[in-house]
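A.B. asks: One structure is given below, represented as C-alpha cells, and several questions about it will come after.
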Amino acid sequence: MGYSAVPKCPPRGRGRDSVWQTPDMLVEIETAWSLSGYLLVCFSAGYFIHDTVDIVTSGQTRASWEYLVHHVMAMGAFFSGIFWSSFVGGGVLTLLVEVSNIFLTIRMMMKISNAQDHLLYRVNKYVNLVMYFLFRLAPQAYLTHFFLRYVNQRTLGTFLLGILLMLDVMIIIYFSRLLRSDFCPEHVPKKQHKDKFLTE
C-alpha cells in the first residue's frame with residue numbers, strides 16, 4: 001500500500017496547537033501530531049541535509065565521519081515524520097538534545113580560547129554534565145524503552161529502533177569522552193583529533 005508525501009490531517013484539536021500546548025506528543029510518540037512539531041521536524045531535517053552537504057563539499061568528510069553517520073541516521077528518522085506523519089512526537093523529543101548543545105558549545109569555545117582554568121569553565125563542566133543527562137541520556141533511554149515494543153515486527157517502528165540503538169551507542173561513547181576529558185584528563189591520549197570537541 002502506497003503512502004502520500006502530503007501529511008495526513010492531524011486528529012481534531014492537535015494540528016493548531018504548538019508543541020508546548022500539545023504535551024501528549026511526548027507520550028503518544030507514534031500517533032500524536034501538531035503543526036509546530038511537524039514544521040520543527042522539517043526544519044531540523046533541512047539543517048542535517050545542509051550540514052552534511054557542507055561537510056562533504058568542504059573536504060572534511062574524513063575528519064567528521066562520525067557527524068556524517070549521525071546526520072544520515074537522523075535524517076532517516078526525521079523523514080518518517082515528514083513523509084508518513086508518524087512518530088513526529090519522537091522527533092520532537094529527540095530535539096531536546098539542543099538544550100544540552102548550548103553548554104557543549106560554551107565548553108568548546110572556552111577550550112578553543114584555552115580558558116579551561118577559568119571559573120566559568122569549571123562551573124559549566126558540572127552544568128554540562130547535568131544537562132547531558134537530562135536532555136540526552138534520559139530522553140534517549142525513554143525513547144529506546146518505547147521503541148523496544150517494535151522488536152520482532154517488520155514496521156517503520158522497527159526501522160527507527162535500529163537507528164535509535166545505533167544513536168544510543170554514539171551518545172554513550174560521547175558521554176564517556178566528555179567524562180574522561182573534563183574529569184579524568186590524565187587518561188586522555190596526547191594525540192587527538194582536534195576537529196571533534198567531544199574527544200578533547
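Each reported figure results from applying straightforward, stated rules to the coordinates on display, with no laboratory input. Note that the coordinates shown come from a computational prediction; the quantities given were computed from them, not determined experimentally.
A.B. asks: Compute the Rg to Rh ratio over the stretch 82-169 from the alpha carbon atoms, using the Kirkwood formula for Rh, and round to two decimal places. Could you put the intermediate results ahead of the total?
C.D. replies: On the way: Rg = 16.8 Å, Rh = 14.8 Å.
Taking Rh as the inverse mean 1/r over Cα pairs, Rg/Rh reads 1.13.
A.B. asks: Obtain the radius of gyration and the Kirkwood radius of the stretch 33-181 from its C-alpha atoms and give Rg over Rh. Please report the intermediate quantities before stating the final value.
C.D. replies: Numbers: Rg = 16.6 Å, Rh = 16.7 Å.
That ratio is 1.00, to two decimals.
A.B. asks: Right, here's the next one. Once the Cα gyration tensor of the stretch 138-179 is found, what semi-axes does its equivalent ellipsoid get, as square roots of 5 times the eigenvalues, in whole Å, sorted largest first?
C.D. replies: Details: eigenvalues 106, 19, 7 Å².
They are 23, 10, 6 Å, listed from largest to smallest.
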